[in-house]
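Below you'll find the structure, written out as structure tokens, and then a few comments.
The values are calculated or read from the model by the stated rules, or taken from the named source; none is laboratory data. Because the structure is predicted, anything quoted here is derived from the model rather than measured. Glycine gets a Cβ as well: all are built from the backbone with ideal geometry, and neighbour counts include every protein chain shown. For accessibility, only protein heavy atoms count, side chains too; no ligands or nucleic acids. Shrake-Rupley method; radii C 1.70, N 1.55, O 1.52, S 1.80 Å.
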Amino acid sequence: MDLSELGFFLQTRRARIKPVDIGLPHGPRRRVPGLRRDEVATLAGASVDYYTELERGRGAQPSAQMLAALARALRLDSDERDHLFRLAGRPVPAPEGALTHLQPAMLDLLGRLTETPAQIITDLHETLVQNRLAIALLGRQPVGGQGFEASFAYRWFTDPAAREIYPAEDHAHQSASFVADLRAAVGRRGKDRHSAEMVSRLRRRSTEFAALWDTGDVAVRRRDSKRIVHPEVGVLELSCLSLLSEDGRQRLLWFVPQPGTAAVEKLQLISVIGTQRMTAEDRS
């Protein structure tokens, strides 16, 4: 473990990321070339004090979950991610399990979708990264390091607040789609303890999930029609499209308006609202 070198490495990775790369405006008061420490901390789900101590080469040895969250926040490739783990004295994670690393090709495609809400998720519906418009449309989703709660599908069946994003009359369809998609993911992963434990917990916590799981239905969610409830512009009728990675572990989601609806104008309004909100946060 080399905390001093770890701190230096974190500083250099933070400095190379442009705010616009993660959906933040540059802002007139920004004094650093890359991200600020507080921004990295927020993206990784850590306190600012904790992250600052890491950059200074101090504090306790970071956990594997925190290292994975930092790797996602700093957009490290697989070599950089492995180096980060070694500097922290932690075993380099295997491809299986919850510590899914962003695939560079997916991240590159996301960066090109500047006028479309888009995000990258795992096959267990764990959000890895969102672009600016996805945050404006869906809200900032938990990203890694938060156990099963990082999965929107898990929260769908365990946290009633997660369902507010869809009209109540669409909940049954969404529930069935989530379960069928999760069954496909679990089968594809084989003997993967993380996905098996997620299913086990959901069966215990949600009678609805258990009943749907027992139907045996399976279907990969590649395209879906959605009605998204936005707190400021109301309901948007959208098509949600998916591009799966070669191994099926990650998917790029993007949202387009359904023809003949007001979703085009509403997305434009959300884009302005979201930009204004982020600018205000950047100046606070």
Inset, instruction - Six or more apart or on different chains, Cβ under 7 Å: which pairs go from a residue in region 14-41 that's under 14 Å from Val129 (Cβ atoms) to one that's among the polar types (S, T, N, Q) and at pLDDT 85 or above? Could you list them? - result: Gly23/Asn131
Inset, instruction - Out of the residues in region 173-213 that are open to solvent by 20 Å² or more (accessible area, probe 1.4 Å) and outside any helix (DSSP H, G or I), state the one that is farthest from Arg223 (Cα to Cα). - result: Lys191
Legend entry - Qualifying positions in region 34-55 - open to solvent by 10 Å² or more (accessible area, probe 1.4 Å), part of a loop (DSSP other than H, G, I, E, B) and under 17 Å from Thr12 (Cβ atoms): Arg36
Legend entry - Extreme residue, farthest from the chain's Cα centre (by Cα), among residues of region 214-263 that are assigned to a strand (DSSP E or B) and of a type in the set (Asp, Glu): Glu237
Inset, instruction - Could you tell me whether any residue of region 145-164 is open to solvent by less than 20 Å² (accessible area, probe 1.4 Å), under 18 Å from Ile121 (Cβ atoms) and not in a helix (DSSP H, G or I)? - result: yes
Inset, instruction - Filter region 141-174 for residues that are under 20 Å from Gly234 (Cβ atoms) and without any contact (Cβ under 8 Å) to a residue 40 or more places away in the chain and give the result. - result: Ala161, Ala162, Arg163, Ala168, Glu169, His171, His173, Gln174
Inset, instruction - Determine which single condition His194 fails, assuming it passes every other condition in (1) in contact with a Lys or Arg (Cβ under 9 Å, 6 or more places away or on another chain); (2) closer than 16 Å to Glu149 by Cα. - result: (1)
